Each structure stands twice: as structure tokens, then as C-alpha cells.
Amino acid sequence: MSIANNLNKIKNTLPEHVILVAVSKTKPISDLMEAYNAGQRIFGENKIQEMTDKYEKMPKDIQWHMIGHVQTNKVKYMAPYVSLIHGVDSFKLLKEINKQAAKNNRIINCLLQIHIAEEETKFGLDETELDEMLKQIQHDKETFRNIKIAGLMGMATFTENQNQIKKEFLRLKSIFDKLNTEHFKLNTLSMGMSGDYELAISCGSTMVRIGSSIFGNRNYQ
């Protein structure tokens, strides 16, 4: 199966309201261009340097999503062009994104990453930290005018247990719904990857991050 075929097959199964992020980390530009030529315009990378290299060499109508864990000292490299940062998991990081966005005269869209998995290794905020962060942003709107909280992101536990994954996705959806009524107008709930995106969509996801089902297995050097 070609990349274009894989992409079209997946797109045909997605509901209209669900956005597909093609996870292109470790893939060569030729692979991304095949997806681009098949109509894909949103690509997700997890390393800022690699994403910046690709941004510089590829068409400028692409939206670049940073889907990996972000180190604050690297934010400046992607601030001129990044469309959406998925993994905002600390107030320190949010402040840095706001600062670098202001320097570039931009408003950068962010998703707050919520810790829903039972694994310790996954990054993310708990609900108390989330509430505190949102209160700070609300309280200090003038300071944070160069970021927009577009929604939430979460990663389920890496397990075969579908019931557990479903429970974690539904928990994130309930946090999302609660916030939507209380504080913010959120439009993006990013959850679901190649292995579990159909389940994620059934639980309310509006954005899925799919890599290996489009591009094949990752290339690790």
C-alpha cells in the first residue's frame, strides 16, 4: 500500500468533524510530500529541530503540530511557524510559549496535556494543576494574549485492555466537557493514535494523531 492509499483509506473512515494529524516524525521529506500531494496539510513532529528542517524545505501551506514533549529552551525555534502545540504540561512552558509568540507577533494555539494514563512515564497535568493554570490565564488575560488554549490532549495507557483505554478517554472527555461549560470555549480534544483512534473518536475525540498506519513503521537511526 502506498502512503497516499493509506491516507485516503483512513480519511474515508473519519467523521467530518475529526481532524487528522499525520505523524511524520523520523520520516523523510519524500514521504511527507507523498502525503502532501494526496491532500494532507497537517503534520505532527516530536522533535523541534527535525520539524524546523522540514518546515524550511516544504510548502508553506502546511500546518505544523508539535506533538512531543517540549523543552522550554527549544520553543524559540518553532515559535515563528508552529500551528498547534499539543503537549503543554507546565505553567513554565506556557509562559515561554507566550513570550516567544509575542516576539514573533503571533498567537500560538496550545493544547493542555492531561495525565490520564496509569503509567508514570506519560507527561501531563492533573486536574488540580489544570484548574490552577486556567485560573492564572483567566486572571491575567492581558499577559497571556499571545497564546490561545484551543483544547486538551491526552494519551491513554499503552495496553491491550480496551476497557481501560476507553475509561481513560472518557475521563478526558468529561474534563473537556466540564471546562467547556465553566471557563473556556474549547474546540479541540486530541486523543487517539494509530492503534486506538477509532475508540478515541467514539469517546469524543476531535483530533487524531496517526503515523504508522499512514507511513509504515518508524525509522529509528
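At a glance:
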quantity: Exceeding the 20 Å Cα-Cα cut-off - candidates K74/K99; K99/K185; K57/K99; calculated: K99/K185; K57/K99
quantity: DSSP-defined beta bridges in the chain - what % are antiparallel, rounded to 5; calculated: 0 percent
quantity: Coil-residue trypsin sites (Lys or Arg not before Pro) of the stretch 114-171, DSSP, other Cβ within 10 Å capped at 11; calculated: K141
quantity: Links that overshoot a 31 Å alpha carbon limit, given the list K148/K173; K76/K135; K60/K166; K141/K178; calculated: K60/K166
quantity: Per-residue Cβ neighbour rank within 10 angstrom, fewest leading, F169, F176; calculated: F176, F169
quantity: Residues K95, K47, sorted so that the one with the fewest Cβ neighbours within 10 Å comes first; calculated: K47, K95
quantity: Base-10 log of normalised Debye intensity for the stretch 3-213 (one unit scatterer per alpha-carbon) at q = 0.18 Å⁻¹; calculated: -1.36
quantity: Packing-based ranking, highest mean first, of 22-32, 69-79 given that Cβ atoms within 10 Å are counted; calculated: 22-32, 69-79
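Read-outs throughout are calculated quantities, based only on the coordinates presented, and are distinct from any laboratory measurement. Since we're looking at a predicted model, the values are computed, not measured. In this analysis, Cβ positions are derived from the backbone assuming ideal geometry, glycine residues included, and neighbour counts consider all displayed protein chains.
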